[in-house]
1. Does residue 298 satisfy being over 19 Å from the mean Cα position of the chain (by Cα) and not β-branched (Val, Ile, Thr)?
2. Do you know which residues across the stretch 124-147 are more than 16 Å from residue 76 (Cβ to Cβ), among the aliphatic types (A, V, I, L, M) and surrounded by 24 or more Cβ atoms within 10 Å (Cβ to Cβ)?
3. State whether one or more residues within the stretch 234-254 are assigned to a helix (DSSP H, G or I), over 26 Å from residue 162 (Cβ atoms) and among the charged types (D, E, K, R).
4. What do you reckon, is residue 380 more than 15 Å from the chain's Cα centre (by Cα), closer than 24 Å to residue 123 by Cβ and either not polar (S, T, N, Q) or not in a helix (DSSP H, G or I) (or both)?
5. What do you reckon, is residue 291 among the hydrophobic types (A, V, I, L, M, F, W, C), touching a Lys or Arg at 6+ places or on another chain (Cβ under 7 Å), closer than 18 Å to residue 376 by Cα and in a helix (DSSP H, G or I)?
6. Restricting attention to the stretch 75-128, report how many residues are of a type in the set (Gly, Ala, Ser) and over 24 Å from residue 38 (Cβ atoms).
7. Here is a list of conditions, (1) at pLDDT 85 or above; (2) over 15 Å from the mean Cα position of the chain (by Cα); (3) farther than 19 Å from residue 108 by Cα, and residue 6 meets all of them except one; can you say which number that is?
8. List pairs: first residue in the stretch 338-350 and surrounded by fewer than 24 Cβ atoms within 10 Å (Cβ to Cβ), second residue part of a helix (DSSP H, G or I) and of a type in the set (Asp, Glu) anywhere in the structure, Cβ distance under 8 angstrom, at least six positions apart or on different chains.
Amino acid sequence: MSQGSKTLELPVIAAIPLVMVLGNSMIVPVLPTMEEKLNLTQFQVSLIITAFSFAAGLIIPLVGYLSDRFGRKVIIVPALILYGLGGVSAGLAAWLMSDAYSIILISRIIQGIGAAGTAPIAMALIGDLYSGGKESKALGLIEATNGLGKVLSPILGSLIALLVWYAVFFAFPVLCFLTALAVWIFVKESNPPKAKPLKQYISSIKEIFKKQGSWLITAFVVGSTGLFILFGVLFYLSDVLETSYKVDGMLKGLILAIPLMGTVTTSYITGGRIKQNKPLMRKLMLIGLLLMTGSLVAVAFFKQIYIMVGLLTVSSIGNGLVLPCLNTLITGAVAKSERGMITSLYNSLRFLGVAVGPPVFGWLMEISHRFMFLSVAGLAALICILTFFLIKPGAGKKTKGGKTEASSSTPSTLFRKIPAK
């Protein structure tokens with residue numbers, strides 16, 4: 001690979017989660033308008049987000065296996081194209097049909113299937129191409145671009161909706177196609193995964209969970225809960241800003257972007273600092289979860305928009321501490337031949353967290369503001385306790401050169417002890 005291509009490799013990979021998030025989150029600001037124009041209930045509107053995320057969550061394990069068997073690029077490129085085509089389909093339905101809801105919902109499912117082969121496989125690809133501090137920094141970058149997509153989405157979605165509300169469906173397919181082309185040209189897989197027979201592959205995955213299931217499943221749940229809270233809060237804020245404060249358009253997009261900037265900035269900084277320091281990762285995760293819990297408890301007692309946005313920004317900063325640490329622990333914990341499946345299972349639960357966030361928050365909103373946030377705070381506190389007791393990567397030992405070497409209690413070392421079948 002030429003030096004120029006190598007320089008572009010990481011930015012191109014980092015663009016994959018950015019495009020994925022834009023395709024999903026740009027529609028958040030137009031959900032209230034969609035509800036009005038298509039004469040939908042709040043539950044029906046929430047399904048626009050849920051259908052996408054639920055489809056992705058179900059398909060991700062399959063594409064994870066396929067990426068382990070056939071390579072990452074041959075999954076990512078068609079997935080990006082399918083993702084873009086789903087957006088075109090939804091936009092055409094909204095534009096040309098009087099009763100477009102069913103087709104939009106089906107198109108969102110198609111988009112979800114495409115999205116399954118994007119960011120989750122990009123995470124495995126980074127684990128293949130980088131190691132050590134470069135790996136954690138790269139994973140922090142893709143979590144940051146994931147968050148950046150969430151920051152830009154409400155702003156861009158609000159701006160594009162000024163033309164016509166369904167224009168958001170047409171806005172990102174071109175980015176999907178350009179990113180697919182860039183991945184094909186600039187990303188080179190040095191050693192494509194060596195295919196295993198399906199029976200042996202499944203046996204390897206079972207062995208991983210047999211040895212490391214307690215901390216690994218806990219890590220999956222923590223990541224899923226973080227995204228559940230983040231997207232639930234976005235859904236809540238979007239609705240409250242428009243219905244209670246009569247704020248829409250560009251201003252609403254800017255307000256929705258404020259909490260998300262906390263996640264973006266913190267994710268990028270965290271990814272660059274943690275390297276392979278697993279005790280530091282655990283410490284930052286616990287701090288992040290405590291920040292989330294405390295801020296969610298506090299916001300339960302305030303309805304003033306400025307205070308709510310400020311406290312929810314603190315919660316988002318907590319998410320920014322947690323997610324890059326989880327990414328690094330999970331991605332670095334398995335061999336290349338099973339990495340696609342493990343990172344895909346993790347991302348599957350993340351997508352399912354996103355899927356249930358809007359409808360659950362919509363249901364809780366009908367009970368009361370205080371009950372909603374105290375309930376979610378209790379969930380954050382629970383996963384903080386689980387993290388404290390079940391995620392305990394080893395501190396490692398110092399070598400003569402002063403570097404930390406993984407001890408036998410670290411997740412990555414334990415995974416590598418799994419014998420080849």
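1. yes
2. Within the stretch 124-147, 139, 144 qualify.
3. Within the stretch 234-254 (the criterion being assigned to a helix (DSSP H, G or I), over 26 Å from residue 162 (Cβ atoms) and among the charged types (D, E, K, R)), the answer is no, since none of the residues qualifies.
4. Here the answer is yes, as residue 380 does meet what is asked.
5. no
6. Matching residues across the stretch 75-128 total 7.
7. (1)
8. Cβ pairs passing all conditions: 338/68.
The values are calculated or read from the model by the stated rules, or taken from the named source; none is laboratory data. On a predicted model such as this, the values are computed, not experimentally measured, just so you know. We place every Cβ from the backbone using ideal geometry, glycine too, and count neighbours over all the protein chains shown.
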